[in-house]
2 protein chains.
Amino acid sequence: MATHRLLVDVHTHVYLPRYASFLRSRTSAPRIFSRQTTASNGSVTSEERLLILDNEPSGGRPVGPQYWDREEKLKFMDKHGIDVSIVSSANPWLDFLPAPTAHKLAEELNEDLESFCSTSPTLAQLQFKRLYGFGLLPLVPSASTSSLLSTIDQINKLPHLKGIIMGTKGVGKGLDDEALEPVWEALAKTGLVVFLHPHYGVDGSAWGEKENGHVLPLALGFPFETTTAITRLILSGVFDRHPALRILLAHSGGTLPLLSSRLASCIAHDPIVASRLKHDARHYLGDLYFDAVAYGSEELGFVSDTIGRAASFEGTQRGSQSLGLEAKRKIGSGRMLFGTDHPFFPPLSESEKWMSVVENLEAIERVDGWTDVEKDAVRGGNAVQLFGLS
Amino acid sequence: MATHRLLVDVHTHVYLPRYASFLRSRTSAPRIFSRQTTASNGSVTSEERLLILDNEPSGGRPVGPQYWDREEKLKFMDKHGIDVSIVSSANPWLDFLPAPTAHKLAEELNEDLESFCSTSPTLAQLQFKRLYGFGLLPLVPSASTSSLLSTIDQINKLPHLKGIIMGTKGVGKGLDDEALEPVWEALAKTGLVVFLHPHYGVDGSAWGEKENGHVLPLALGFPFETTTAITRLILSGVFDRHPALRILLAHSGGTLPLLSSRLASCIAHDPIVASRLKHDARHYLGDLYFDAVAYGSEELGFVSDTIGRAASFEGTQRGSQSLGLEAKRKIGSGRMLFGTDHPFFPPLSESEKWMSVVENLEAIERVDGWTDVEKDAVRGGNAVQLFGLS
């Protein structure tokens with residue numbers, strides 16, 4: 001690999017053409033529909049809009065080829081200097097489908113994604129492709145264990161799929177459901193990376209009556225949902241039972257890093273919950289991976305602190321062996337990975353670079369205590385390792 | 001004041017005797033009730049329990065004199081070296097009452113709290129008392145503006161009440177309700193500190209079906225609620241209209257600090273919301289105060305980073321003038337204040353010091369980049385200034 005430093009995007013979505021067509025055929029959310037607008041001069045234009053949730057603000061959002069066309073993905077990557085993308089289907093995945101349909105579509109979409117990646121350009125001077133993917137499991141109510149395990153097996157055999165993207169509902173009762181135990185076991189065995197991603201947010205009554213567009217559900221609801229899911233997973237003991245599990249958290253872990261000491265304190269005050277866990281809650285952050293999609297350098301530095309301190313919270317230790325800032329940040333940087341959230345957060349004008357990308361790159365560049373070694377790892381080196389690209 | 005360094009607790013609650021009696025008279029939540037338990041040897045003991053919310057896990061929590069007895073508060077302070085406490089009523093305050101009852105009880109409890117503080121011991125060698133208080137407003141549906149304003153006036157005239165504790169519901173529609181505009185205006189004029197504190201968390205279905213005691217609603221739900229309330233307040237433009245408003249956020253601002261860059265990004269992608277605000281969302285964190293109740297030094301350091309960077313996000317600036325870590329942390333420390341959350345999170349055995357106190361003090365002691373000057377400010381100096389104690 002020599003001195004070429006890669007930029008790898010681990011948080012980038014696609015609605016594969018088969019999935020987009022399926023959404024077009026639907027009459028309730030999630031769906032893609034056409035809307036005609038009449039300009040003041042009388043000209044009529046038609047645009048496609050994606051409605052992800054019922055009662056979504058502003059009648060969903062405009063969508064176009066960036067959501068499904070591979071050429072657009074590659075153009076976006078070229079524009080921003082992104083060498084490799086680990087592409088994942090966007091929410092709501094298959095959550096809304098009956099189990100047999102979900103299973104069939106999952107396997108078809110996994111094959112589609114394999115071909116989307118395997119026929120992508122090869123990176124000059126390296127042996128790997130520009131696109132790899134996270135597959136889909138039919139995680140819906142009534143999904144059978146055998147259906148889930150056979151889809152894990154399918155994904156594991158598709159050479160360009162390196163993981164699985166997963167929402168927070170499991171088979172209906174969340175990720176702390178015992179029914180998922182064989183799934184975690186199989187995932188831990190394969191080494192596939194589980195990309196945990198939000199979709200539902202929290203109950204919309206929390207946002208009140210003011211018109212704030214998508215701001216509150218996106219800025220707050222998404223991270224709250226991820227935080228709740230990963231916390232419930234920690235409390236269920238999954239990481240004690242399956243330390244080999246590799247979970248990548250969207251949006252830098254939501255708010256888990258900032259609430260992890262409070263969480264540890266609440267657990268310590270509840271002997272029954274505490275007795276179920278091998279470690280202080282803060283320890284488990286050292287088992288996780290975090291994308292670097294937090295839009296600020298202070299945020300990234302802090303997330304790396306909480307990963308870096310994790311080892312000092314083994315068992316009943318409570319941080320007595322704490323490290324200095326640079327040591328924590330160095331350790332933490334090893335589990336953080338650049339991402340863009342493309343094609344969401346598009347720029348307001350077409351020619352400009354995507355602010356979301358520019359800001360997330362600047363954030364990495366400016367983290368106090370990270371040298372170029374840590375920055376390069378977060379920008380690409382960690383992804384090459386985690387996904388076994390080299 | 002010379003060299004004596006004060007330890008001031010700004011997050012410490014009381015159920016005043018009048019309020020506790022009132023809760024005992026109730027038959028639905030919130031209420032205090034007696035429960036008898038029979039030990040294996042046949043002896044019967046009775047304990048009082050506080051049920052704050054319907055369907056609360058474990059049938060509420062045991063309560064005793066620490067919740068209402070001033071001597072217990074002072075003993076707790078002595079045991080932990082706390083010189084001064086700014087005492088606030090605990091949730092759910094008056095939220096559940098009809099407006100006339102809420103108004104009457106608010107004024108009575110404000111008088112009670114004034115006397116609770118004014119007759120407390122005087123601190124040796126200083127001119128001030130060991131106890132000060134946050135009063136209550138009758139913030140319930142149908143509360144009239146005049147009732148709210150007259151209670152602000154009452155509190156402002158009670159010399160030992162230095163602020164107001166406030167939940168997140170306002171008069172029923174949350175804190176971004178235009179009906180509250182005269183309240184913010186009056187509060188900004190008086191200089192009373194508004195202590196914003198959660199109670200409801202988020203919809204309980206988020207916590208799933210597993211038995212996790214109070215862990216999820218307390219560790220996650222509380223901070224989510226505070227974050228949502230303060231974010232809605234920022235989006236409503238209250239801080240643009242009333243820059244003199246002094247708001248202290250419970251639990252170090254919940255998750256606002258970690259989501260503030262994501263929030264700024266979501267706003268920047270929504271021109272309508274963006275056009276309503278004078279500044280990048282991150283700027284407003286520099287107008288707020290944060291208790292230091294986060295249980296970890298990395299958390300406190302990070303919160304101080306986000307306060308310290310606020311000035312570089314004035315207007316449409318996006319952090320281009322960013323400061324180094326120590327500069328940010330020094331600035332940020334000026335708006336953070338020690339707290340304990342007493343009498344919640346009691347120790348598991350009676351003799352020991354309260355872990356919640358020990359941990360929050362250790363967290364301050366260990367923040368990377370804070371010298372003794374910053375630590376002393378957070379432990380007490382900031383509170384003396386903010387509440388005008390000297």
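The values are calculated or read from the model by the stated rules, or taken from the named source; none is laboratory data. Computed from a prediction, not measured in an experiment: that's the story for all the values here. Counting neighbours? That spans all protein chains shown, and the Cβs are built from the backbone with ideal geometry, glycine included. With ligands, DNA and RNA removed, areas are computed over all heavy atoms of the protein, side chains included. Shrake-Rupley method; radii C 1.70, N 1.55, O 1.52, S 1.80 Å.
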Inset, instruction - Would you check if there is a residue in region B:196-207 being in contact with a helix residue (DSSP H, G or I) (Cβ under 8 Å, 6 or more places away or on another chain) and over 26 Å from A:S205 (Cβ atoms)? - result: no
Inset, instruction - Take the residues in region A:269-304 that are hydrophobic (A, V, I, L, M, F, W, C) and either free of Cβ contacts under 8 Å to residues at least 24 places away in the same chain or in contact with a Pro (Cβ under 9 Å, 6 or more places away or on another chain) (or both), then tell me which one is nearest to A:G319 (Cα to Cα). - result: A:L285
Legend entry - Filter result for A:V373 (part of a helix (DSSP H, G or I), surrounded by fewer than 24 Cβ atoms within 10 Å (Cβ to Cβ), of a type in the set (A, V, I, L, M, F, W, C) and away from chain B (no Cβ under 11 Å)): yes
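To keep it simple, each residue is scored yes or no on (1) of a type outside the set (A, V, I, L, M, F, W, C); (2) under 16 Å from the mean Cα position of the chain (by Cα).
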| site | (1), (2) |
| --- | --- |
| A:P138 | yes, no |
| A:A143 | no, no |
| A:P159 | yes, no |
| A:E178 | yes, no |
| A:L196 | no, yes |
| A:D203 | yes, no |
| A:N212 | yes, no |
| A:L216 | no, no |
| A:A219 | no, yes |
Inset, instruction - Could you list, in sequence order, all residues of region B:288-344 that are open to solvent by 10 Å² or more (accessible area, probe 1.4 Å) and assigned to a helix (DSSP H, G or I)? - result: B:S297, B:E298, B:A311, B:S312, B:F313, B:L325, B:E326, B:A327, B:K330, B:I331
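Please work out if A:R379 is over 23 Å from A:S89 (Cβ atoms), out of contact with any Gly (no Cβ under 7 Å at 6 or more places or on another chain), buried (at least 18 other Cβ atoms within 10 Å of the Cβ) and within 13 Å of chain B (Cβ to nearest Cβ).
So A:R379 does not fit the description; no.
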Legend entry - Extreme residue, farthest from B:C266 (Cα to Cα), among residues of region A:46-69 that are at pLDDT below 85 and outside any loop (DSSP other than H, G, I, E, B): A:G59
Inset, instruction - Residues being closer than 16 Å to A:F195 by Cα and either in contact (Cβ under 8 Å) with a residue 60 or more places away in the chain or touching a strand residue (DSSP E or B) at 6+ places or on another chain (Cβ under 8 Å) (or both): count how many of those fall in region A:211-232. - result: 4
Inset, instruction - Pull up region A:256-303, narrow it to residues that are facing chain B (nearest Cβ under 7 Å) and among the β-branched types (V, I, T), then point me to the one that is farthest from the chain's Cα centre (by Cα). - result: A:I272
Inset, instruction - May I ask you to list the residues in region A:347-365 that are in contact with a Lys or Arg (Cβ under 9 Å, 6 or more places away or on another chain) and assigned to a loop (DSSP other than H, G, I, E, B)? - result: A:P347, A:K353, A:W354
Inset, instruction - Would you be able to tell me the number of residues in region A:12-45 that are outside any loop (DSSP other than H, G, I, E, B), open to solvent by 20 Å² or more (accessible area, probe 1.4 Å) and within 15 Å of A:W93 (Cα to Cα)? - result: 6
Inset, instruction - Identify, by number, the condition in (1) facing chain A (nearest Cβ under 7 Å); (2) part of a helix (DSSP H, G or I); (3) more than 21 Å from B:N360 (Cα to Cα) that B:L220 doesn't meet. - result: (3)
Inset, instruction - Could you please give the count of residues in region B:46-55 that are surrounded by fewer than 16 Cβ atoms within 10 Å (Cβ to Cβ) and in contact with a strand residue (DSSP E or B) (Cβ under 6 Å, 6 or more places away or on another chain)? - result: 2
Legend entry - All positions within region A:359-370 that are under 23 Å from A:A90 (Cβ atoms) and either open to solvent by 50 Å² or more (accessible area, probe 1.4 Å) or among the charged types (D, E, K, R) (or both): A:E359
Legend entry - Condition broken by A:H342, with the remaining ones in (1) touching a strand residue (DSSP E or B) at 6+ places or on another chain (Cβ under 9 Å); (2) at pLDDT 95 or above; (3) within 12 Å of another protein chain (Cβ to nearest Cβ) satisfied: (3)
Legend entry - Single condition A:P243 does not satisfy, out of (1) open to solvent by 20 Å² or more (accessible area, probe 1.4 Å); (2) closer than 20 Å to A:R335 by Cβ; (3) facing chain B (nearest Cβ under 9 Å): (3)
Inset, instruction - Considering every residue within region A:330-338, establish whether at least one is within 24 Å of the chain's Cα centre (by Cα) and at the interface with chain B (Cβ under 9 Å from one of its Cβ atoms). - result: no
Legend entry - Meets criteria (out of contact with any Gly (no Cβ under 7 Å at 6 or more places or on another chain), within 30 Å of B:A188 (Cβ to Cβ) and not aromatic (F, W, Y)) for B:G296: no
Legend entry - Residue list for region A:263-287, restricted to those being among the charged types (D, E, K, R), surrounded by 23 or more Cβ atoms within 10 Å (Cβ to Cβ) and under 22 Å from B:S349 (Cβ atoms): A:D280
Inset, instruction - Please name all residue pairs, on different chains or six or more residues apart, with Cβ atoms under 7 Å, provided the first residue is in region B:236-249 and is within 20 Å of A:K210 (Cβ to Cβ) and the second residue is in a helix (DSSP H, G or I) and of a type in the set (D, E). - result: B:F239/B:D287; B:H242/B:E185
Legend entry - Members of region A:195-212 that are more than 7 Å from chain B (Cβ to nearest Cβ) and not aromatic (F, W, Y): A:L196, A:H197, A:P198, A:H199, A:G201, A:G204, A:S205, A:E211
